[in-house]
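The values are calculated or read from the model by the stated rules, or taken from the named source; none is laboratory data. Just so it is clear, the structure is predicted and the values come from calculations on it, not from any experiment. We place every Cβ from the backbone using ideal geometry, glycine too, and count neighbours over all the protein chains shown. Just so you know, the surface numbers come from the protein's heavy atoms only, side chains and all, with ligands and any DNA or RNA stripped out. Shrake-Rupley method; radii C 1.70, N 1.55, O 1.52, S 1.80 Å.
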Amino acid sequence: MLGISYETWLNICKMYFSLNNLSAKAYLQWFPFTKVTADDKEYISSQDFYERYIKTSSFVFFPDAMQQSENYLQKSDGSFRNSSLISPILYLVLQSVGK
């Protein structure tokens, strides 16, 4: 439905799941990947997960997958910036669509 092939999905998953934990902790959007277990990463990267949730776009029916939090981050100069954090699954989907 979104035009994401399994090959693209797998490549995006590998790219983000192989991030060094120190790098992932340094960026707001990558931080949730530090909390995903190795078993979950394997399942999310699998053909079964892709066929069930990504190819059919049924991941949108899960409220947690579509959750977006809005907050403010303080910058080093003391000012604030608006920040948004989307779910890891939605982030991977958007990266796949962009690729």
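Key figures for this structure:
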read-out	value
Whole-percent carbon and sulfur share, accessible surface of the chain, 1.4 Å	54
Proximal lysine pairs, the chain, alpha carbons under 21 Å, eight or more residues apart or interchain	11
Percent RCO, i.e. relative contact order, over segment 1-69, from Cα pairs under 8 Å lying at least 6 residues apart	40
Å² per residue, accessible surface of segment 10-94 at 1.4 Å	66
Hydrodynamic radius (Kirkwood) for segment 10-99, which is based on Cα pairs only, to one decimal in Å	14.3
Cβ-placed point charges (K, R +1; D, E -1), dipole of segment 25-67 about Cα centre in debye, nearest 20	180
Area of Tyr27 that stays accessible when all protein chains are in place (1.4 Å probe, Å², to 10)	130
Charge dipole magnitude, Cβ of K and R +1, D and E -1 - the chain, Cα centre, debye nearest 20	260
Charge dipole of segment 1-67 about the Cα centre (unit charges at C-beta), most positive-ward option of Asn20, Gln47, Phe62	Asn20
